[in-house]
Structure formats: C-alpha cells, structure tokens
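Bear in mind these aren't lab numbers, they're just calculated from the coordinates by the rules spelled out. Keep in mind the model is a prediction, meaning the values are calculated, not measured. Every residue, glycine as well, gets a Cβ built from its backbone with ideal geometry; the counts of neighbours run over all protein chains shown.
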C-alpha cells in the first residue's frame, strides 16, 4: 500500500491530478496540499441532488452555510458536480462544486 501521512519538502510522491486524472510522480513543495474528503460549506442555499445530472435530478434538501460534507470521490474537474455525504444527517447526493457562473467557491 502507498505510504500515508506528511512528507518532507522535496520528497517524491505518487500523485493524481484532480483536473485531468493523470497519474505520475511529483516533488512535494511548500504549496502542495494533500486532498482531503472533508469540506465545510462557506455559503448556504445550494442544493443536494439525487443524481449528478442537474437537469433531471430531484432536490434532496438545501445545504446550509457551515455544514460539513464528506466527498465520496475526488471529482474529475472543479467544474463538475461531486458526490457527497452530509455529516449532519448522513444524506448522500450530488452538489455543484462552484456556484452558477463560477463566482467563487462554495467550500
């Protein structure tokens, strides 16, 4: 299994790009941050849907500011919807990772 935990700056690490999915080796730098599945909603009022297709999905509930979400998988792109589990009630579904128009992050 791959090594877990922090690595020293300059150390090599096996990495995967969240935007393109490419895998390879990278060198850890001060700007490197490991992916974490836990996020806190910085804005409220966005919706948790029952499928990734916003056009055909139904709303499960509205997410409130400050709620904690667990990403169930790393999304292939920041412009897509991500599958999450809500910490408060265990509800699972899909949320937009950016607001309509891309004006700032939701997390």
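Computed quantities for the displayed model
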quantity: Inter-site label distance for residue 70 and residue 35 at 7 Å from Cα along Cβ, in nm; calculated: 1.7 nm
quantity: Translational diffusion coefficient (Stokes-Einstein; Kirkwood radius from C-alpha pairs) of segment 38-99 at 4 °C, 1.567 mPa s, in µm²/s; calculated: 113 µm²/s
quantity: Relative contact order of segment 20-77, pairs being alpha-carbon contacts under 8 Å that are 6 or more residues apart, as %; calculated: 38 percent
